[in-house]
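*Asks:* Please see the structure below; I have some questions.
The values are calculated or read from the model by the stated rules, or taken from the named source; none is laboratory data. Please read all numbers here as calculations on a predicted model, not as lab measurements. Ideal geometry is used to build each Cβ from the backbone, glycine not excepted, and the neighbour counts take in all protein chains shown.
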Amino acid sequence: MRQVLQIVHLFRNNTLTLSNTFQKSPKGGADKFDVYYQVHVQNFGCLDWTKNDDSAGTAGFGYRLEAINIVVVPKDASGPGTITRPVVQK
């Protein structure tokens, strides 16, 4: 089964939010999977993971997002890493 991830917002403050687009698929799937993502930010490196419609990145710094890691896991399964600090605010 092939699914497409859609970038919903890339804010001016370099914060990324991904939407779990499985819910928009004809066969559904949002109730079966979580979309985890992590960003690598200039001057910070990799931040912690976040999932579904939550934000990841920085706010108030103006640093660029340099990379995005995306992992799809079964709903309510353990994520790929820590989720303590996916966003850093000035």
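*Asks:* Of all residues being of a type in the set (S, T, N, Q) and exposed (fewer than 10 other Cβ atoms within 10 Å of the Cβ) in segment 71-88, which is farthest from VAL39 (Cα to Cα)? Just the residue, please.
*Replies:* The first filter runs over segment 71-88 and keeps only residues of a type in the set (S, T, N, Q), leaving 78, 82, 84.
Those still in the list that are exposed (fewer than 10 other Cβ atoms within 10 Å of the Cβ) too: 78, 84.
Working: SER78: 19, THR84: 13 Å.
This residue is SER78.
*Asks:* Another question, then. When residues of segment 32-42 are filtered for being of a type outside the set (Phe, Trp, Tyr), in contact with a Ser or Thr (Cβ under 9 Å, 6 or more places away or on another chain) and under 14 Å from VAL87 (Cα atoms), how many remain? Before the answer, list the steps.
*Replies:* If we filter segment 32-42 for residues that are of a type outside the set (Phe, Trp, Tyr), which is where we start, we get 32, 34-35, 38-42.
Imposing the further condition that a residue be in contact with a Ser or Thr (Cβ under 9 Å, 6 or more places away or on another chain) reduces the set to 35, 38-39, 41-42.
With under 14 Å from VAL87 (Cα atoms) added as a condition, the list becomes 38-39, 41-42.
Total satisfying the criteria: 4.
*Asks:* State which residue pairs qualify: first residue closer than 18 Å to PRO74 by Cβ and among the β-branched types (Val, Ile, Thr) and inside segment 48-64, second residue modelled with pLDDT of 90 or more and in a loop (DSSP other than H, G, I, E, B) in any location, beta carbons under 7 Å apart, and separation of 6 or more residues or different chains.
*Replies:* Pairs that qualify, where the first residue is closer than 18 Å to PRO74 by Cβ and among the β-branched types (Val, Ile, Thr) and the partner is modelled with pLDDT of 90 or more and in a loop (DSSP other than H, G, I, E, B), are THR50/ILE83; THR50/PRO86.
*Asks:* Give me a count of the residues in segment 33-61 that are touching a helix residue (DSSP H, G or I) at 6+ places or on another chain (Cβ under 9 Å) and either β-branched (Val, Ile, Thr) or modelled with pLDDT of 90 or more (or both).
*Replies:* Quick first cut of segment 33-61, residues touching a helix residue (DSSP H, G or I) at 6+ places or on another chain (Cβ under 9 Å) only: 33, 35.
Those still in the list that are either β-branched (Val, Ile, Thr) or modelled with pLDDT of 90 or more (or both) too: 35.
Final tally of qualifying residues: 1.
For every residue, the table says whether it meets (1) in contact with a Ser or Thr (Cβ under 9 Å, 6 or more places away or on another chain); (2) at pLDDT below 85.
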position: VAL8; (1), (2): yes, yes
position: LYS24; (1), (2): no, yes
position: ALA30; (1), (2): yes, yes
position: TYR63; (1), (2): no, no
position: ALA67; (1), (2): no, no
position: ILE70; (1), (2): no, no
